[in-house]
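Below is one structure, written out as structure tokens; comments come after it.
Taken together, the values in this text are just the output of simple stated rules run on the coordinates, not laboratory data. Keep in mind the model is a prediction, meaning the values are calculated, not measured. A quick note on method: Cβ atoms are made from the backbone with ideal geometry, for glycine too, and the neighbour counts reach across all protein chains shown.
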Amino acid sequence: MAIRQAARRAVAAGVDSTEIHGAHGFLIHQFHSAFTNKRTDQHGQDLTLFGTEVVKALKTEIPADIPLIMRISAVQYVKNGYKLPESFKTAETYHKAGIDIFHISSGGEGPIEKNGSKPENDEACPVPFTAAFKNHFPKTPVIAVGLLSDFHVANAVIANQTADLVTVGRGML
């Protein structure tokens, strides 16, 4: 599996954490979403199988002191997309397979359902999902994301114990 080789190279390069992208319609997300996964084989019957295989492969290459993070879309905004209860079940499977930290985002897999379920793209809009994950997985660190480029907003997310870490992407650009 090429992902093992990538993990070996990352460890050799001295990374202090690793993250796999299981959100926004990227490959792992396409497998664990019933919206996109229409397969009829074992990877269609068990939506988390592919992601679990990736996690387990990475865990064979990454030392125990290097956390494995997974970015996950907490909810989908598409018609018949999954919601938090399904997302928690998916995350529980990935956690058992070896995920150490969850990086919580939302959406990103198709046309948005026009029912008002998607919040506006305001500062910290996915943070309530991060809080839900923090409550559901109290011993597993969670990362908040979502236009957290204002220091005060990002600091409040941590101070309010809504997340354990925050990421600032666009603000760094």
task: Can you quote the Å³ per residue value for the convex hull of the Cα atoms in the chain, rounded to an integer?
output: 127
message: On a 27 Å Cα-Cα criterion, which of the cross-link pairs Lys56/Lys79; Lys59/Lys89; Lys79/Lys139 come out too long?
response: Lys56/Lys79; Lys79/Lys139
- line: Residue-normalised 222 nm signal for the chain, counting each DSSP H run of n ≥ 4 as -39,500 (n - 2.57), nearest 500 deg cm²/dmol, is -11000 deg cm²/dmol
- prompt: What's the local net charge at Leu47, with K and R +1, D and E -1, over the other residues with C-beta under 10 Å away?
  reply: 0
